[in-house]
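First the structure, then my questions, so here it is.
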Amino acid sequence: MRRRILVTLLASTSIVLVAFLVPLMVMVGQFAVDRAQRELVLEIQPIVSRIPVVAPDELSELLAVISRRTEHPATVYLADDTMIGAPQPMSAGAQLARERGAFFAEVEGGRDLLVPVYTDSGEAVLRVFISEEQLNGAVRGARLTLLVLGLGLLALSVGLGLLLARAFLRPISDLGATAGRLAAGDLTARVVPSDIKEIDDAGDALNRLASRVTELLGLEREEVADLAHRLRTPVAALRLDAESLRPDESTDRLVDDVDRLERMVDEVIREARRPLRDDMPATADLCSVARERASFWMVLAEDQDRRLSVDIPTGQVLVAAEARDLGDALDALIGNVFSHTDDGVAFRIAVGVTDARLAWLEVTDKGPGIPSYDVVERGQSDSGSTGLGLDIARRVAERSGGSIETGSGVSGGARIRLNLMRAPKRRV
């Protein structure tokens, strides 16, 4: 925007300057020539008045003195074509001056002033040469002054253009900065009014949009919290039914599942009640979460004769995400394996580090693979499910600053990888 404003100012100012300076320079040049010619006429008037009364030998000395003093070579052609003064061949202009009177004639290197003079022996002609340098002596200085003036005006217009561009672009920059803060999740950001109506209109619209988004998010969180709260009743009933069963290993597992479901419902309520913006950076150990969830799913994998391979480093791999979010994302990926592959299909959980910025969590299986890579979009599914599992994993990865990758594994089955932004190590 600033560059366009400056280019527009430069173009418009240059057009005005060219339209003004070019004719002015032409006029200055013509004025200088006219002035030089007038001065020459005044200089030769003493010669013209003395030619009729001066003897030829004295006239030659007079012309030599005038030529040295004025630097204009002077020649007199008498009526019998005798030449006195500077040796210059007689031209057709001399005869024309006898017929029509005094005039300036264009010649090579300058101009000749031809003046008829009446003497006792007949009509003579005085010829005085003035060079181009003498005609245009003052033109270069005047044109240089005009050129410097034009460049000064151009520089002044650029300076004023920068000031105007800064005053005009500051509200636009503030508008863009506010939009960036809103995009980053700061829903408290608002546009400050300026003195430009069009920008203020856009700022008011953005402020109303931010207020509406805040309102809708608040309503959505309230609805989620209410819905999760309603789930407490059937969960409590499920707990009572599970505890009334005959104690055995299956009953204990069912009670543990109910406990986890109840904790998840409570977590949904707490998440919905949390403020819209949380400035505390999240950090979790990806290896620890992966080990814990692999241990949880190991029991069900053994029941379905699935071989679960685990490739997790022994140390810590800290990533910018909440531990519960990572657990939910991994559960969604593993749950897809159990939902979309047959019993006995093996799968693998792996954790690794790409570089100093990224770590990854990967789940692969030996099933038929993913029919379409569009399943990562929310609600997309080719198998009749809700299609929210991969979307949950994708949002966890993107909130950390990473991404999700889908493809085929070495065995041809599905491969889902979450790229997660690494977090700095915790201080002890």
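The values are calculated or read from the model by the stated rules, or taken from the named source; none is laboratory data. As the structure is a computational prediction, the values presented were derived from the model and not from experiment. Neighbour counts are summed over all protein chains in view; Cβ atoms, including those assigned to glycine, are modelled from backbone coordinates with ideal geometry. Just so you know, the surface numbers come from the protein's heavy atoms only, side chains and all, with ligands and any DNA or RNA stripped out. Shrake-Rupley method; radii C 1.70, N 1.55, O 1.52, S 1.80 Å.
In segment 38-192, with Lys and Arg counted as +1 and Asp and Glu as -1 at Cβ, which of these residues, Leu113, Ser157, Phe168, has the Cα nearest the positive end of the dipole, that is, farthest along it?
Farthest towards the positive pole: Phe168.
Given R₀ = 41 Å, what would the calculated FRET efficiency be for Tyr118 paired with Leu149, taking r from the Cβ atoms and rounding to 0.05?
For Tyr118 and Leu149, the calculated efficiency is 0.25.
If each residue of separation counts as 0.36 nm, what is the full-extension length gain between Ser211 and Arg253 once their alpha-carbon separation is subtracted? Numbers along the way, then the final one.
Values: separation 42, 0.36 × 42 = 15.12 nm, distance 4.65 nm.
Length difference between fully extended and current span is 10.5 nm.
Another one. Under the rule a/c < 1.5 gives rounded, and otherwise a/b versus b/c splits prolate from oblate, where does segment 60-133 land using the Cα gyration tensor?
In terms of gyration-tensor shape, oblate.
Another one. For the ranges 47-55, 399-407, what's the packing order if you count other beta-carbon atoms within 10 Å of each residue, average per peptide, and put the highest first?
Order by mean packing, descending: 399-407, 47-55.
While we're on this one: When the Karplus curve 6.51 cos²θ - 1.76 cosθ + 1.60 is applied with θ = phi - 60°, which whole-Hz ³J(HN,Hα) does each residue of segment 54-65 get, with x for Gly and Pro?
Those phi angles translate into 10, 5, x, 5, 5, 5, 5, 5, 4, 5, 5, 5 Hz.
Apply the a/c threshold of 1.5 to the C-alpha gyration tensor of segment 297-337 and tell me whether it is rounded, prolate or oblate.
Judged from the Cα gyration tensor, segment 297-337 comes out oblate (a/c at least 1.5, b/c at or above a/b).
Another question, then. In sequence order, what are the phi-derived ³J(HN,Hα) couplings for segment 96-106 according to the Karplus relation 6.51 cos²θ - 1.76 cosθ + 1.60 with θ = phi - 60°, rounded to whole Hz, with x for glycine and proline?
5, 5, 5, 8, 10, x, 5, 6, 9, 10, 6
At a 1.4 Å probe radius, which order do His340, His72 fall into by accessible area, largest first?
His340, His72
To continue, here is another question. Pull out the extension gain between Val410 and Ala356, defined as 0.36 nm times the separation in residues minus the alpha carbon to alpha carbon distance; nm, one decimal.
Using 0.36 nm per residue and subtracting the Cα-Cα distance, I get 16.8 nm.
Find which of Val351, Ala329, Ser295 sits farthest along the positive direction of the dipole of segment 281-378, computed with +1 on the beta-carbon of Lys and Arg, -1 on that of Asp and Glu, about the Cα centre.
Val351
Calculate one ³J(HN,Hα) per residue across segment 25-31 by plugging θ = phi - 60° into the Karplus curve 6.51 cos²θ - 1.76 cosθ + 1.60, and present them in order as whole Hz with x for glycine and proline.
Each residue of segment 25-31 in turn: 5, 5, 5, 4, x, 5, 5 Hz.
Moving on. Does segment 1-102 come out rounded, prolate or oblate, given a ≥ b ≥ c as the square roots of the eigenvalues of its C-alpha gyration tensor, rounded meaning a/c under 1.5 and, failing that, prolate meaning a/b above b/c? If you can, show how the numbers build up before the last one.
Numbers: a/c = 4.55, a/b = 3.52, b/c = 1.29.
The shape class here is prolate.
Then there's this: Which order, highest average first, do 31-43, 326-338 follow once you tally other Cβ atoms within 10 Å for each residue and take the mean per peptide?
The packing order, highest mean first, is 326-338, 31-43.
Rank Tyr77, Tyr118 by accessible area, highest first, at a 1.4 Å probe radius?
Tyr118, Tyr77
Residue separation times 0.36 nm, minus the C-alpha to C-alpha distance between Glu198 and Ala184: what's the value?
So the chain would gain 2.6 nm between Glu198 and Ala184.
Leaving ligands, DNA and RNA out of it, rank Leu163, Leu216, Leu17 by accessible area with a 1.4 Å probe, largest first.
Leu163, Leu216, Leu17
Here's something else I'd like to know. Could you give the distance between the Cα centres of segment 332-366 and segment 32-56, to the whole Å?
Taking the Cα centre of each part, segment 332-366 and segment 32-56 sit 109 Å apart.
While we're looking at this one, here's another question. Taking Cα centroids, how far is segment 402-422 from segment 284-299 in Å?
After rounding, the separation between the Cα centres reads 18 Å.
To continue, here is another question. To the nearest 20 debye, what is the magnitude of the charge dipole of segment 81-200 about its Cα centre, counting +1 on the Cβ of each Lys and Arg and -1 on the Cβ of each Asp and Glu?
Once rounded to the nearest 20, the dipole reads 680 debye.
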